[in-house]
Amino acid sequence: MFGLGSTELIVIAFIVVLLFGGRKLPQLGRSMGSAITNFKKGLNDPNQEDKKDDEDEAKKS
């Protein structure tokens with residue numbers, strides 16, 4: 001994993017807790033998870049956005 005050992009990962013985790021605080025970590029994890037999920041959905045179906053745009057234009061007409 002990029003040549004990082006357990007000590008480096010613990011130091012990084014400690015810095016993250018200091019920066020964001022314990023209360024914001026679950027919210028940060030949730031938003032990161034949803035961002036990754038949306039990104040993967042976008043990679044699997046790149047034409048989905050085009051279909052939505054076509055449907056919106058059809059409704060306006």
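Nothing in this text is a laboratory measurement; each read-out follows from the coordinates by a stated rule. In this text the structure is predicted, and so the values were computed from the model without any measurement. Heads up, the Cβs are rebuilt from the backbone with ideal geometry, glycines too, and the neighbour counts pull from every protein chain shown.
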Which chymotrypsin sites (Phe, Trp or Tyr not before Pro) in the stretch 1-47 pass both tests, a DSSP loop state and at most 12 other beta-carbon atoms within 10 Å?
F2
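Net charge near R30: determine it from the other residues with C-beta under 15 Å of the C-beta of R30, scoring Lys and Arg +1 and Asp and Glu -1.
In short, +2.
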At q = 0.20 Å⁻¹, base-10 log of I(q)/I(0) for the stretch 1-44 (Debye sum, equal scatterers on each alpha carbon):
-0.79
Compute the signed sum of charges (Lys and Arg +1, Asp and Glu -1) over the other residues within less than 13 Å, Cβ to Cβ, of V17.
+2
